[in-house]
Amino acid sequence: MKIKYLLATVLLIGSLIGNSQDKRSAFVDNLISQMTLEEKVGQMNLYNGFFDATGPVPDNQDTKNKYNQIKNGEVGAMLNVKTVKEIKALQQLAVENSRLGIPMLFGFDVIHGHKISGPIPLAESASWDLEAIEKAAAYAAMEAAAVGINWTFAPMVDIGRDARWGRNMEGAGEDTYLGTKIAAARVKGFQGDDLSDPNTIAACAKHFAAYGFAEAGREYNTTDMGLSTLYNVILPPFQAAVDAGVATFMNGFNEINGIPVTGDPWLQRDILKGQWGFDGFVVSDWGSIGEMVAHSYAKDNKTAAKIGANAGSDMDMEAYVYINHLKELVEEGEVKESVLDDAVSRILKVKYDLGLFDDPYLYCDEEKEKSMAVSQEVKDGALDMAKKSIVLLKNDGVLPLSKTSKNVAVIGQIAASKTSVLGSWRLGADDNSAVSVLEGLKPYLGDNMKYERGVEVWSGTEAFAQELKINEDNTDGIDEAVKLAKSSDVVIVVAGEHGYQSGEGRSRADIRLPGLQRKMLKKICAVNSNVVLVLTNGRPLDLSWEDANIPAILETWQLGAMSGHAIAEVLFGEHNPSGKLPMTFPREVGQVPLYYNQKSTGRGGAKDMVFWSHYSDVPNTGLYPFGHGLSYTKYDYSGLSITQQGNTFTVSVNVTNSGKRDGHEVVQLYIRDKYASVTRPIKELKGFEKVFIKAGETQTVQFTLDDTTLGFYNNQGTYIVEDGDFEVMVGGDSVNTQNGAFTRG
Ligand code: NOJ
């Protein structure tokens, strides 16, 4: 560490009798007072590493220049460097060579586990288990911190309602209430109670804001939305992240209502840093400051840098526009130096909180890196999360399978894949590091199981940055699969999307099973009626045909390293499934965006004539509603009651496990505000509880509704609570509910 700022700081801090926040501010202010303009701009500059990339790498990469800039203190942070050796070497360059020796941040997309890939976030969200979700993030942080990483670009807290959008896999789904709870849990998991603990890392709430509402579900597309949706649907999970103490924010690639969010001072300065009091820093998304030129918002890179900095984008990820233009812009008076001071102060505070000024190599422990790579504790955690994420969509009595089953056919390319089920954001994990479904089934079935790959789903390179090649015409393998199915007692077909068919840059216009999988399924179902469909996918799919023709369907998303074990435990009934859908599954792609908490139209309700809001070819409803998920037991709801004390309402319901197995049920509470000064949805989730109920037992579950849950944001962004009539709905999904009502005021 550089003696210069250390000494000055120590002297200053020694003379201060203040709390830790004051000490941090004093330290940071003192450091800033010693910085040149170039060094300030440097702190606002985030570069990709030298090997892996998660975005378009600019032409003419000048590696030597990058090294020199690090040495000169012109790089504040790096991303996509992932071993202690490399991180230590780069940190050393910065700390030992630059004038002030300010350590760098090392960011990475630690999205679902790290070395040991966990279930994709959408899957985790299906657990509705906040404790497990927090723990999963804590394990991911531990693993990432062990390889030198101190900053994750997670959680993504974008609400997604359009199944075509590939990045649904990275979020908590369609619901704002569930999304706020999960946002807070993930932030707490990554950051723990103390950022300077070398097992925790800084989190990043992204993509501020409304990236999930890209038109037509097409990645990077324009967003256009009214204020009511922005305030009530999009912003609350971001605010929950701030309230949970998130250290950083990332903006996005999209524009909203004509303004690229990266250049939007209203969102970043007024709302985020103003109203919400966020004191961390905002990083741009990859190149998004420069992309304001392509958006036709900035006339050139220099203007983009000016707009970005003035709008409150504190750090430039890979657009190179701050490093190239910001100094000049300050000298010309286009950007005030105080704007830089504010941004740098925010960045340095995060470094301070991470403990990097005390020890820049805090996260660089080779021994820990080695031991973490084989951590049984993390694997057990990933298995637990995986089991909890599975959703039983349909079961006509075929599941669970008996452990003494004979003649079981397992079919599908995905069944044997040890890579696909790792999911999309698994950059820290090795290829082929998952337990495949086939491997998971082997201990249960041994020689009673036969495997056929069936039709090829994909071929060629499986890589994060490249389009996957899907087979649309070669039917080889179908005949063999059908032959095996014919001679088997039970057929397990593992089908769905490859892990690289969802995620960034992976929107799909057709959300049926990719390639020729449905064609193969049809032939298999024609020769055997005992078919179990095990699905892997990163978004809701159109499963209309499958639902109508297959007796049992298990939604397993992409469950990461422990996939095969988790799936086998559920198939054989060792784990009773309890997952519930965090997104509606549509019947047809033409219904999307489809979500349970719609507004009522002026023309709802079926009528004789055509003059009501409907399709003439499919029902309005989804195939599987939000909150849906079956179990190997059965839960009956009864006795809904509501009591009132002032404006606080207590809702109770009895839930009876009337089946033969113990299990967990996610009890969901929805409300409808019947009349309001801004129209409210037909139902909104406002509470849930995951309860364990033994077979034959009943539990009474209670919820409290008060002003924190009964209000909404008006179009001025003010949270208000209005008197009036409310409906209450409680059940095991968003459709089958016990209903009650009360009046507030
Ligand atoms: C672009 C993605 O949108 C963002 O979420 C991610 O964190 C960055 N690339 C860095 O990989």
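The values are calculated or read from the model by the stated rules, or taken from the named source; none is laboratory data. Predicted model only: the values in this text are computed from it and were never measured. Reconstructed Cβ throughout: ideal geometry from the backbone, glycine too, with neighbour counts over all protein chains shown. Just the protein is used for accessible areas: all its heavy atoms, side chains included, with ligands, DNA and RNA removed. Shrake-Rupley method; radii C 1.70, N 1.55, O 1.52, S 1.80 Å.
Among the residues examined, L559 does not qualify as touching a Leu at 6+ places or on another chain (Cβ under 8 Å), open to solvent by less than 10 Å² (accessible area, probe 1.4 Å) and under 29 Å from K388 (Cβ atoms). From the list A214, A241, A209, the one residue that fits, being aliphatic (A, V, I, L, M), within 30 Å of L513 (Cβ to Cβ), within 16 Å of the ligand (Cβ to nearest atom) and not assigned by TED's automatic domain parsing to the domain that holds V666, is A214. Consider E665 carefully, then state whether it is closer than 22 Å to P582 by Cβ, among the acidic types (D, E) and surrounded by 22 or more Cβ atoms within 10 Å (Cβ to Cβ). Taking the combined requirement at face value, the residue satisfies it.
Scanning the stretch 672-722 for residues that are open to solvent by 60 Å² or more (accessible area, probe 1.4 Å), β-branched (V, I, T) and closer than 30 Å to K634 by Cβ yields a total of 3. Screening the stretch 603-706 for strands (runs of 3 or more DSSP E) wholly inside it with 1 or more residues that are under 23 Å from V728 (Cβ atoms) and among the hydroxyl-bearing types (S, T, Y) returns the ranges 635-645, 648-657, 663-673, 698-705. When restricted to residues that are touching a residue at least 40 places away in the same chain (Cβ under 8 Å) and over 30 Å from G663 (Cβ atoms), the stretch 682-708 contains 2. Can T63 be described as out of contact with any His (no Cβ under 6 Å at 6 or more places or on another chain), more than 19 Å from I323 (Cα to Cα) and open to solvent by 10 Å² or more (accessible area, probe 1.4 Å)? Here the answer is no, as T63 does not meet what is asked.
Okay, residues lined up against (1) more than 19 Å from L326 (Cβ to Cβ); (2) surrounded by 15 or more Cβ atoms within 10 Å (Cβ to Cβ); (3) polar (S, T, N, Q); (4) modelled with pLDDT of 85 or more:
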position: V10; (1), (2), (3), (4): yes, no, no, no
position: L37; (1), (2), (3), (4): no, no, no, yes
position: N45; (1), (2), (3), (4): no, yes, yes, yes
position: V57; (1), (2), (3), (4): yes, no, no, no
position: A77; (1), (2), (3), (4): no, yes, no, yes
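Residues in the stretch 400-416 that are open to solvent by less than 10 Å² (accessible area, probe 1.4 Å) and in a loop (DSSP other than H, G, I, E, B): G412 only. Being open to solvent by less than 10 Å² (accessible area, probe 1.4 Å) and small (G, A, S) is the filter here, so list the residues in the stretch 313-363 that pass it. Listed by number, the residues that qualify are S313, A343, G355. Looking only at residues of the stretch 272-296 that are out of contact with any strand residue (DSSP E or B) (no Cβ under 9 Å at 6 or more places or on another chain) and either of a type in the set (V, I, T) or away from the ligand (no atom under 16 Å from the Cβ) (or both), we find that the one that is most open to solvent (accessible area, probe 1.4 Å) is Q275.
If you go through the stretch 233-256, how many residues are within 20 Å of the chain's Cα centre (by Cα) and outside any helix (DSSP H, G or I)? So the answer is 11. Only residues that are within 16 Å of the ligand (Cβ to nearest atom) and either open to solvent by less than 40 Å² (accessible area, probe 1.4 Å) or touching a Phe, Trp or Tyr at 6+ places or on another chain (Cβ under 9 Å) (or both): list them for the stretch 222-233, please. Selection gives T223 alone. Of everything in the stretch 142-159 that is in a loop (DSSP other than H, G, I, E, B) and within 14 Å of the ligand (Cβ to nearest atom), the residue that is surrounded by the fewest Cβ atoms within 10 Å (Cβ to Cβ) is F153.
Only one entry of G732, G711, G740 meets the criterion of being out of contact with any Cys (no Cβ under 6 Å at 6 or more places or on another chain), touching a residue at least 24 places away in the same chain (Cβ under 8 Å), within 21 Å of K599 (Cα to Cα) and not hydrophobic (A, V, I, L, M, F, W, C), and that entry is G740. One residue stands out in the stretch 79-130 among those that are more than 16 Å from the ligand (Cβ to nearest atom) and of a type in the set (D, E, K, R): the one that is least open to solvent (accessible area, probe 1.4 Å), namely E124.
Is at least one residue of the stretch 465-475 part of a helix (DSSP H, G or I), modelled with pLDDT of 95 or more, surrounded by 14 or more Cβ atoms within 10 Å (Cβ to Cβ) and not hydrophobic (A, V, I, L, M, F, W, C)?
Taking the stretch 465-475 first, the residues part of a helix (DSSP H, G or I) are none.
No, there is no match, as no residue in the stretch 465-475 is part of a helix (DSSP H, G or I), modelled with pLDDT of 95 or more, surrounded by 14 or more Cβ atoms within 10 Å (Cβ to Cβ) and not hydrophobic (A, V, I, L, M, F, W, C).
Residues satisfying the criterion are present in the stretch 257-268 (criterion: open to solvent by 20 Å² or more (accessible area, probe 1.4 Å) and assigned to a strand (DSSP E or B)).
Which residue, of E219, E174, is surrounded by fewer than 24 Cβ atoms within 10 Å (Cβ to Cβ) and part of a loop (DSSP other than H, G, I, E, B)?
Unique residue meeting the criteria: E219.
Taking the conditions exactly as written (within 15 Å of the ligand (Cβ to nearest atom) and under 16 Å from I111 (Cβ atoms)), does A247 satisfy them or not?
no
Could you pull out every one of the helices (runs of 4 or more DSSP H) wholly within the stretch 501-579 that has 1 or more residues that are among the aromatic types (F, W, Y) and out of contact with any Pro (no Cβ under 7 Å at 6 or more places or on another chain)? Filter on the stretch 501-579 gives 544-549.
Taking the conditions (1) of a type in the set (F, W, Y); (2) within 16 Å of the ligand (Cβ to nearest atom); (3) open to solvent by 10 Å² or more (accessible area, probe 1.4 Å) in turn, Y139 satisfies each one other than (2). Checking each residue in the stretch 170-206 for being within 16 Å of the ligand (Cβ to nearest atom) and acidic (D, E) picks out only E170. Among residues that are in contact (Cβ under 8 Å) with a residue 12 or more places away in the chain, more than 16 Å from the ligand (Cβ to nearest atom) and not hydrophobic (A, V, I, L, M, F, W, C), N48 is not included. Here the stretch 177-204 is the region considered, the condition is being open to solvent by less than 10 Å² (accessible area, probe 1.4 Å) and assigned to a helix (DSSP H, G or I), and the residue that is nearest to L427 (Cα to Cα) is F190.
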